[in-house]
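**Student:** Take this structure first; my questions come after.
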Amino acid sequence: MNTDPGRHAAALTYTSYLALDEVLGAQRPRSDDHDELLFIVIHQVYELWFKQLLHELTHLQLRLEKGDAAHSIRTLRRALTILKVVVAQIDVLETMTPRQFTSFRARLEASSGFQSAQFRELEAVLGRRELRVLDNYPEESPARERIAQAMRRPSLFDSFLRFLAVHGYQVLTERDFALPAEPSEDIQHVLLEVYRDDAGPSTVAELLVDLDEGLQEWRYRHVKMVERTIGGKPGTGGSSGAAYLRSTLFHPAFPDLWAVRSEL
């Protein structure tokens, strides 16, 4: 008698490994409008890429804090490539005209991209420390707790400072991580030294600038997409739409890395 518990288990297939029945069944339009499926697919793909970016940045922070330049550089390059794909998806979304979006917009009711917990967590990893963003999530909800925890942990730039310390640069690495990091002349002096050395740490610094620039490009493309789609109308879920998005432009995640540009 064969007692092997795996004998009658279904063989692993492409469909089962990727859980395609669940993934492809997750698009549930609330209307018969042709364009609603595109809207849903684009935003679900955004969330998958946000998940991957959080995964990559978590790994990046671990590598940075160990002083591992080679793996940090490779991980940053992957994150940058993902971010380029995220920005490029706006081209697809912009094939939808304002009238096409209006045809199903009311079906969204109170839902809004402002409620993306993963994007808020990503902002926190990059250094944002604004407790008011938690107001969009119920007390004790898993999403709220993940964002709050990310705001209490070292940011990506904090991990970069630890990376510099491992490589022998004299930089303070301890602070209250629940508070936003302020630009620092002391840190900027160290960064100038990093760039003068023109070694591995300077490559990591430049890739962080690329990441910051990519995020700002995403914000700019996002606001222009919203403006061309709904103009000055309020956003869904009670948001102010393009007006709020414009207020997020040109706020770098790593201001010290930008402040030193004129001194290089």
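**Student:** For region 172-185, give me each residue that is surrounded by 14 or more Cβ atoms within 10 Å (Cβ to Cβ) and either assigned to a helix (DSSP H, G or I) or touching a residue at least 60 places away in the same chain (Cβ under 8 Å) (or both).
**Tutor:** Of everything in region 172-185, just one residue is surrounded by 14 or more Cβ atoms within 10 Å (Cβ to Cβ) and either assigned to a helix (DSSP H, G or I) or touching a residue at least 60 places away in the same chain (Cβ under 8 Å) (or both), namely Ser184.
**Student:** How about region 63-151: which helices (runs of 4 or more DSSP H) wholly inside it have at least 3 residues that are exposed (fewer than 14 other Cβ atoms within 10 Å of the Cβ) and without any contact (Cβ under 8 Å) to a residue 24 or more places away in the chain?
**Tutor:** The qualifying helices (runs of 4 or more DSSP H) are 69-93.
**Student:** Next up: Could you please let me know if Glu193 is among the acidic types (Asp, Glu), at pLDDT below 90 and either under 19 Å from the mean Cα position of the chain (by Cα) or surrounded by 14 or more Cβ atoms within 10 Å (Cβ to Cβ) (or both)?
**Tutor:** no
**Student:** Have a look at Tyr169, Tyr195 and point out the one that is touching a residue at least 60 places away in the same chain (Cβ under 8 Å) and either in contact with a strand residue (DSSP E or B) (Cβ under 7 Å, 6 or more places away or on another chain) or among the hydroxyl-bearing types (Ser, Thr, Tyr) (or both).
**Tutor:** None of the others qualify; the one that does is Tyr195.
**Student:** Has region 22-30 got at least one residue that is surrounded by 14 or more Cβ atoms within 10 Å (Cβ to Cβ), of a type outside the set (Val, Ile, Thr), farther than 30 Å from Gly168 by Cβ and modelled with pLDDT under 95?
**Tutor:** Yes, region 22-30 has at least one match.
**Student:** Take the residues in region 15-33 that are in contact with a helix residue (DSSP H, G or I) (Cβ under 8 Å, 6 or more places away or on another chain) and without any contact (Cβ under 8 Å) to a residue 24 or more places away in the chain; name whichever of them is nearest to Ala106 (Cα to Cα).
**Tutor:** Only one residue tops the list, namely Arg28.
The values are calculated or read from the model by the stated rules, or taken from the named source; none is laboratory data. Model, not experiment: these values are computed from the prediction. For neighbour counting, all protein chains shown are included, and Cβ atoms are generated from backbone atoms with ideal geometry for every residue, glycine included.
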